[in-house]
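Everything below concerns the one structure shown next.
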Amino acid sequence: MIKKIGILTSGGDSPGMNAALLAAIKTGIKLNKEMYVIYEGYRGILEHKFEKVTTSFMDDYLTRGGTRIKTARLPEFKEEDVRKKAVEILKEEGIDALIVIGGDGSYRGAKKLTDLGILCVGLPGTIDNDIASTDYTIGFDTSLNTIVEAIDKIKETMQSHNRCGIVEIMGNRCPDLTLYAGIATTADIIITGDNNPNFDDVVEQLKELKKKKDYAIVLISEKLIDTIAFTERVSKETGWETRLSILGHIQRGGTPSAMERVNAIRMGSYAVELLDKNIGGVCVGIVNNELTHYDIDIALELERNKHLEFYRIHDLIK
Ligand code: ADP
Ligand code: F6P
């Protein structure tokens, strides 16, 4: 029977992590567990940054983005010796199980800790929506809303000046934020890693578009091209005055949306329920609006839904 549960956030922060923390802590205490937060991800284990918490620990944080217990990246956690040291420390503290909120890298760490005797449950915390074992990651909905609000504003000024606006969107090679934002704003062109971007074609498309429209919005996923150089090229070759907005980390902050909180709370509680049944080495997801869990190894092998029909719909409505 698991008595003491540790909880940490790892990798990039995301809005809604605090809601998941709140739910896990409250549920754990209801189920008679001792709940410990671990500050600064896996590094916090090695640095003994543990704190036993009460049920009200997260009460003032539900509406805040980021993570109250901080996050970190610790590349050395890929080394077995470092993980063994972490397990030794967790055992000294009497912590028999961990909830790890993070992305696929954090899941890999959680699986390896489970193999070393600490039962772990992963929760999908990342704005990128790049975890195939869930329809929505914690942070995706809020980030999408931030992006859409920004694009709506950029559109107004592009329209006023008869300009072409290029918007670079974060997402770490996962197209979802760019794709969904493209539909929600009816952007003129969406460029992601999934729709075979050919930037020569994009320039040609813009030349044609300029004959029909006085302004345009082009969305480009990060890490595909040097968007500064591409913006200069578009200006030069199309004759359309063009401006670039790189949204960057503004996408990661902000009050979690209502849907984000609902999903994060559901997943946070469920993680504790799983540990209460002695189930670990798994990650939690929401699929077809149902809570579910997968073995972490299986989850990491699942193929991501590319939402190809979204591109078809976009072609029809842009
Ligand atoms: P995310 O969890 O958002 O994908 P990262 O890929 O940066 O973010 O991973 C977060 C942390 O998880 C890393 O800094 C490291 O501590 C741990 N981690 C990542 N990959 C592994 C791995 N293969 N084995 C063990 N731990 C890992
Ligand atoms: O994984 C979340 C994410 O925001 C990605 O979208 C982005 O590529 C990366 O993290 C940025 O990382 P950092 O905060 O280290 O700049």
- Note on the structure: Contact list, first residue from the range 63-84 and of a type in the set (S, T, N, Q), second anywhere and more than 12 Å from ligand 1 (Cβ to nearest atom), beta-carbon distance below 8 Å, six or more apart or interchain, is T63/T255; T63/P256; T67/N18; T67/L21
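For the condition in a strand (DSSP E or B) and away from ligand 1 (no atom under 12 Å from the Cβ), what is the one hit in I99, I154, I69?
Numbers: I154 fails: in a strand (DSSP E or B); I69 fails: in a strand (DSSP E or B).
The unique qualifying residue is I99.
Sort through G28, G44 and tell me the only one that's under 30 Å from H249 (Cβ atoms), small (G, A, S), over 17 Å from the mean Cα position of the chain (by Cα) and more than 16 Å from ligand 2 (Cβ to nearest atom). Before the answer, list the steps.
Numbers: G28 fails: under 30 Å from H249 (Cβ atoms).
The unique qualifying residue is G44.
I'd like to check which strands (runs of 3 or more DSSP E) are fully inside the range 194-294 and have at least 1 residues that are assigned by TED's automatic domain parsing to the domain that holds I127 and away from ligand 1 (no atom under 16 Å from the Cβ). Lay out the reasoning, then the answer.
Details: elements: 216-221, 242-246, 282-287.
Counting at least 1 such residues, we get 282-287.
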- Identify the single condition in (1) away from ligand 1 (no atom under 15 Å from the Cβ); (2) of a type in the set (A, V, I, L, M, F, W, C); (3) buried (at least 22 other Cβ atoms within 10 Å of the Cβ) that L119 does not satisfy, given that it satisfies every other one. (3)
- Message: Exactly one of these conditions fails for M170: (1) under 13 Å from the mean Cα position of the chain (by Cα); (2) within 30 Å of V87 (Cβ to Cβ). Give me its number.
- Response: (2)
- Query: Any chance the range 86-101 includes a residue that's within 16 Å of ligand 2 (Cβ to nearest atom) and surrounded by fewer than 18 Cβ atoms within 10 Å (Cβ to Cβ)?
  - Reply: no
- Message: Being in a loop (DSSP other than H, G, I, E, B), among the β-branched types (V, I, T) and within 14 Å of ligand 1 (Cβ to nearest atom) is the requirement here; does I127 meet it?
- Response: yes
- Any hit, the range 170-182, residues being crowded, with 22+ Cβ neighbours inside 10 Å, part of a strand (DSSP E or B), touching an Asp or Glu at 6+ places or on another chain (Cβ under 9 Å) and not assigned by TED's automatic domain parsing to the domain that holds N129: no
- Message: Quick check on my filter: what residues within the range 35-54 are outside any helix (DSSP H, G or I) and of a type outside the set (K, R)?
- Response: M35, Y36, V37, I38, Y39, E40, E47, H48, F50, E51, V53, T54
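In the range 159-177, which residue that is under 30 Å from T134 (Cβ atoms) and touching a Phe, Trp or Tyr at 6+ places or on another chain (Cβ under 8 Å) is farthest from ligand 2 (Cβ to nearest atom)? Reasoning before the result, please.
The first filter runs over the range 159-177 and keeps only residues under 30 Å from T134 (Cβ atoms), leaving 167-177.
Retained after the next criterion (residues that are touching a Phe, Trp or Tyr at 6+ places or on another chain (Cβ under 8 Å)): 176-177.
Numbers: D176: 11, L177: 8 Å.
Going through the qualifying residues, I end up with D176.
The values are calculated or read from the model by the stated rules, or taken from the named source; none is laboratory data. On a predicted model such as this, the values are computed, not experimentally measured, just so you know. For neighbour counting, all protein chains shown are included, and Cβ atoms are generated from backbone atoms with ideal geometry for every residue, glycine included.
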